[in-house]
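The values are calculated or read from the model by the stated rules, or taken from the named source; none is laboratory data. These numbers were taken from a predicted model, which means no experiment stands behind them. Cβ placement follows ideal geometry from the backbone for every residue including glycine, while neighbour counts extend to all protein chains displayed. In case anyone asks, the SASA skips ligands and DNA or RNA and just uses the protein heavy atoms, side chains included. Shrake-Rupley method; radii C 1.70, N 1.55, O 1.52, S 1.80 Å.
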Amino acid sequence: MAAEKMALAKAINESLRTALDTDPKVLIMGEDVGKLGGVFRVTDGLQKDFGEDRVIDTPLAESGIVGTAIGLALRGYRPVVEIQFDGFVFPAYDQIVTQLAKMHARALGKIKLPVVIRIPYGGGIGAVEHHSESPEALFAHVAGLKVVSPSNASDAYWMMQQAIQSDDPVIFFEPKRRYWDKSEVNTDAIPGPLHKAVVAREGSDLTLAAYGPMVKVCLEAAAAAQEEGRSIEVLDLRSMSPIDFDSVQTSVEKTRHLVVVHEAPVFLGTGAEIAARITERCFYHLEAPVLRVGGYHAPYPPARLEEEYLPGLDRVLDAVDRSLAY
Amino acid sequence: MTVESTAARKPRRSAGTTAAKGGASTAGSKTAASRTAAGKGTGAAGKKAPGTPGADPELVQLLTPEGERVADATYDPYVADITPEELRGLYRDMVLSRRFDAEATSLQRQGELGLWASMLGQEAAQIGSGRATRDDDYVFPTYREHGVAWCRGVDPTNLLGMFRGVNNGGWDPNGNNFHLYTIVIGSQTLHATGYAMGIAKDGADSAVIAYFGDGASSQGDVAESFTFSAVYNAPVVFFCQNNQWAISEPTEKQTRVPLYQRAQGYGFPGVRVDGNDVLACLAVTKWALERARRGEGPTLVEAYTYRMGAHTTSDDPTKYRADEERESWEAKDPILRLRAYLEASNHADEGFFAELEAESETLGKRVREVVRAMPDPDHLAIFENVYADGHALVDEERAQFAAYQASFVDEGEGK
Ligand SMILES: Cc1ncc(C[n+]2csc(CCOP(=O)(O)OP(=O)(O)O)c2C)c(N)n1
């Protein structure tokens, strides 16, 4: 296949296909993942090609899906489960937090839990309640889990490969409003480590750190700021657990200004952690406090209000101004 | 009439019936449920179906509380070739696991363990079912399966680390195909089901057994594991030890139908066995495991038994249950019952019992010594095995923590 332009959802589909093809222990499980190909069609055609034994339509029971995936992993399988929407992961939260995350440690490292939990997350698609949330901090807070989110098709392809190959449980947050965005995917490339942040755009005046759906917003903000004569660096964090603080530090030592952007509520969120750590690490480099742009401490609003809730170009640029004004 | 008295009766399952094999749940559903006939039943579960006389026809029993062997056409074949030596083995298992349990209880009282969940009274359910498993089967326990762990060859002192607070698990689950204890009620039934699905996929003929309590039967995870195992025809035996209580809540607070009948709604058989009868537990579990191996899917076994002690050492059962209840169950003690049978049938002599007593003393001594010698874990163990592949944040925090610890030690040494 080599290099090809494809949508993010298609890249995940190709990645799952590659995994099913190369490792007979890989299984796909979830609600509607078979014939329908998932509500976002991410698993489209996989059941047709790999059969109902490998691509499994499960009962409507999230705790059951994750709980049985744990059992399958204990038996040597590598289940990749789909939670249909972010807001529906909570029936499985117990299994994820009390079982999946801790079992390796409890077993003195003797067992491995190579389970990937795919969660389409985030807003911006005009959906109803429970279909637009960003609960990544709830998972990143739990030791034993890895939490990642790609922002483009190439990362989606490669990070899914790496997530499946990881012997640790990985919560794989898919930015659902970027499912249809196309970019180049080189399936022959050699990817960097799963947790490594990448510089999505180089700059020298300020660093915008983001992941998943917000990377695109930050790139647009950087382009807009360029017109005002500002050079903004955009860091795509890619991983929320672990967080690649070294890359953030390197960038901040250069730009001396940091704004973290995510859709999830700011309070006790990923941005808070980054602000705290970077303040610690870069205290004498920083020319302004680390600022955060994100969701409010309020339930995700109805679709008509989501543009107010979600960080857009203006809110990001506003934070850029505030930071540079110090 | 009470179930306490029905347990003494002969089972009514007539010779030649294939009800259990073909689907005991269907057979059972025609007859009355009578757990709640135990005197406190007020709801539907306490009512008997029309035409069902007083006895509890569903309760599979091979040994009466007096130790008399009774016939059961369906399940006798599963223990037909049992040797006197194997019978003595079952007795030994029950005595030693009870001794271990008692030792752990007193170690808790002496402050050596933070908590202990005693299995006193449930030895027959655990040893009978545990001995029915094959080495290649996989066991998913809850937190009270000390007797099953014993059968699987897990060193009993391994079970104590978690209760002493030196680890959160304490053994390699793959060492004896005995998974870690699970504290979150019912979670492990799904792990068991998934594992069983894996066995089916592998085309292997081993099976899985999942333990849980009557209280756990109310959890969504247990319902979901029934659903999944039925839909995927997973080779799993659900072994519910109905010990009558979930801490302070009686079974009536969990269900209005006898638990074994739940299976019917999911499309697999459910059987109620006298959980204080080690032979019956062995036979019924073997039957269920063999069904699973043959690809006939899951079975629910409800072992009808009694938790004679407190829920855990933190519990005070006098607050919620009457002494008479415990006394009535003491009359059905699983160990006395097998001893009576062994003696009556001349399968064991005084020498055997004396030797076992000595062995039991040795075990008790070893458990005491091992527990007292258990070291506290190294502080850096906090960061061990958090991830299989490593994690930058853990590495960083481990280094910070280690440096902090080191500075502390230096300061102390300087003084
Ligand atoms: C999900 C969950 N809720 C509550 C508890 C607290 N708890 C521990 S044991 C127990 C009672 C369980 O009763 P049962 O399932 O009948 O098992 P038994 O202890 O009688 O063997 C409860 C409520 C728990 N561990 N997990």
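Which order do you get for A:LEU313, A:LEU235 if you rank them by accessible area with a 1.4 Å probe, largest at the top? Display every interim value, and only then the final one.
Numbers: A:LEU313 65, A:LEU235 0 Å².
Order by accessible area, largest first: A:LEU313, A:LEU235.
At 1.4 Å probe size, put A:GLU82, A:GLU253 in order of accessible surface, largest to smallest. List each step's numbers first, then the result.
On the way: A:GLU82 10, A:GLU253 70 Å².
Reading off the accessible areas and sorting them downward yields A:GLU253, A:GLU82.
Give the A-B buried accessible area in Å², both sides summed, 1.4 Å probe, nearest 100. Could you put the intermediate results ahead of the total?
Details: alone 14050 and 17970 Å², together 28470 Å².
The buried area between A and B, both sides summed, comes to about 3600 Å².
What residues of segment A:70-88 lose no less than 40 Å² of accessible area with every protein chain in place versus their chain by itself (probe 1.4 Å, heavy atoms only)?
With the partner chains in place, segment A:70-88 has these residues losing at least 40 Å²: A:LEU72, A:LEU74, A:ARG75, A:TYR77.
Using a 1.4 angstrom probe and counting only protein chains, how large is the accessible area of A:HIS130 in Å², to 10?
80
Can you send over the carbon and sulfur percentage of the accessible area for segment B:66-183, probe radius 1.4 Å, protein chains only?
Carbon and sulfur atoms account for 44 percent of the accessible area of segment B:66-183.
Kindly state, to the nearest 0.05, the FRET efficiency for B:LEU115 paired with A:ALA298, given R0 = 51 Å and r defined as their beta-carbon distance.
Values: r = 41 Å, r/R0 = 0.80.
After rounding, the FRET efficiency stands at 0.80.
Quick check: from the Cα gyration tensor, does chain A come out rounded (a/c under 1.5), prolate or oblate? Spell out each step's value before the answer.
Numbers: a/c = 1.73, a/b = 1.64, b/c = 1.06.
Since a/c reaches 1.5 and a/b is larger than b/c, the shape of chain A is classed as prolate.
Can you put A:SER204, B:SER225 in order of accessible area, largest first, using a 1.4 Å probe? Could the numbers behind the result be given before it?
Details: A:SER204 65, B:SER225 0 Å².
Descending accessible area places them as A:SER204, B:SER225.
How shielded is A:93-106 by partner chains, expressed as the average number of their Cβ atoms within 10 Å of its Cβ atoms?
Working: counts 0, 6, 6, 0, 1, 4, 8, 1, 1, 5, 7, 5, 11, 11.
Average per residue, whole number: 5.
Need one number: nm distance between label points at B:ASN168 and A:PHE90, each 7 Å from Cα along Cα→Cβ, rounded to one decimal.
2.4
Please report the antiparallel percentage of DSSP beta bridges with both residues in the protein assembly as shown, rounded to the nearest 5.
Working: 13 of 69 bridges.
Bridges in the protein assembly as shown are about 20 percent antiparallel.
As a test of the formula, what do you get for chain A when each DSSP H run with n ≥ 4 contributes -39,500 (n - 2.57) and the sum is divided by the residue count, at 222 nm and rounded to the nearest 500 deg cm²/dmol?
Here the helix-only value at 222 nm equals -10000 deg cm²/dmol.
Given the protein chains as shown and a 1.4 Å probe, how many square angstrom of A:LYS254 are accessible, to the nearest 10?
Spelled out: A:LYS254, probe radius 1.4 Å, area about 90 Å².
If you restrict to DSSP beta bridges whose two residues both lie in chain A, what percentage is antiparallel, to the nearest 5?
Just about 25 percent of them are antiparallel.
Would you mind computing, in nm to one decimal, how far apart the modelled labels at A:GLU52 and B:SER218 are, each placed 7 Å from Cα along Cα→Cβ?
3.6
What is the gain in length, in nm to one decimal, between B:GLU324 and B:GLU397 on full extension, counting 0.36 nm per residue of separation less the C-alpha to C-alpha distance?
Stretched out fully, the B:GLU324 to B:GLU397 stretch lengthens by 20.7 nm.
Within a 10 angstrom radius of each residue's Cβ in B:184-193, how many Cβ atoms of other chains show up on average? Whole number is fine. Present the calculation step by step, with values, prior to reporting the outcome.
Details: counts 5, 0, 3, 7, 4, 4, 12, 13, 4, 5.
Average neighbour count from other chains, rounded to a whole number: 6.
How much solvent-accessible surface does A:ASP86 expose, in Å² to the nearest 10, with a 1.4 Å probe and all protein chains in place?
Using a 1.4 Å probe on the heavy atoms, I get roughly 0 Å².
In degrees, nearest 10, range 0 to 90: what is the angle between the Cα axis of helix A:313-325 and the longest Cα principal axis of chain A?
In chain A, helix A:313-325 runs at an angle near 40 degrees to the longest axis.
Compute the Cα gyration tensor for segment B:165-280, then decide on rounded, prolate or oblate, letting a ≥ b ≥ c be the square roots of its eigenvalues: rounded whenever a/c is under 1.5, prolate when a/b is larger than b/c in the other cases, and oblate in all that remain. Don't jump to the answer; show the numbers that get you there.
Details: a/c = 1.64, a/b = 1.14, b/c = 1.43.
It comes out oblate by the Cα gyration axes.
Could you state the angle between the C-alpha long axis of helix A:62-74 and the longest principal axis of the C-alpha atoms of chain A, as a value from 0 to 90 degrees rounded to the nearest 10?
For A:62-74 against chain A, the angle is about 70 degrees.
Using a 1.4 Å probe on the protein chains only, how many percent of the accessible area of segment A:100-152 belongs to carbon and sulfur?
Numbers: 920 of 1630 Å².
Ligands and nucleic acids excluded, carbon and sulfur give 57 percent.
What is the mean number of Cβ atoms from other protein chains located within 10 Å of the Cβ atom of each residue in peptide B:223-232, rounded to a whole number?
On the way: counts 3, 12, 6, 1, 5, 8, 1, 1, 5, 5.
Counting Cβ atoms of other protein chains within 10 Å of each residue's Cβ and averaging gives 5.
With a probe of 1.4 Å, find how much accessible area segment B:186-258 has per residue, and write the answer as a whole number in Å². Write out the running numbers ahead of the final one.
On the way: 1850 Å² over 73 residues.
Ligands and nucleic acids excluded, the figure is 25 Å² per residue.
Efficiency by 1/(1 + (r/R0)^6): what FRET value for B:ARG256 and A:SER231, r their Cβ-Cβ distance, R0 = 51 Å, to the nearest 0.05? Can you show the working numbers first?
Working: r = 70 Å, r/R0 = 1.38.
Result of the calculation: an efficiency of 0.15.
Sort the following peptides by mean Cβ neighbour count (other Cβ atoms within 10 Å, averaged over residues), highest first: A:38-50, A:153-165.
On the way: A:38-50: 18.7, A:153-165: 24.1.
Packing proxy ranking, top to bottom: A:153-165, A:38-50.
Order these peptides, A:112-124, A:95-107, by their mean beta-carbon neighbour count within 10 angstrom, highest first. Provide the component values of the computation, followed by the final result.
On the way: A:112-124: 25.2, A:95-107: 22.5.
Packing order, densest peptide first, comes out as A:112-124, A:95-107.
Starting from the 7 Å offset along Cα-to-Cβ, what nm value, one decimal, do you get for the label separation of A:HIS285 and A:ARG315?
My value for the distance between the label points is 2.7 nm.
By per-residue mean of other Cβ atoms within 10 Å, what is the highest-first order of B:72-83, B:97-108, A:206-217? Mind dumping the intermediate values first?
Values: B:72-83: 16.2, B:97-108: 21.8, A:206-217: 27.6.
Output ranking for B:72-83, B:97-108, A:206-217: A:206-217, B:97-108, B:72-83.
Taking the Cα atoms only, what angle lies between the long axis of helix A:8-22 and the longest principal axis of chain A, rounded to 10 degrees?
Relative to chain A, helix A:8-22 is tipped by roughly 40 degrees.
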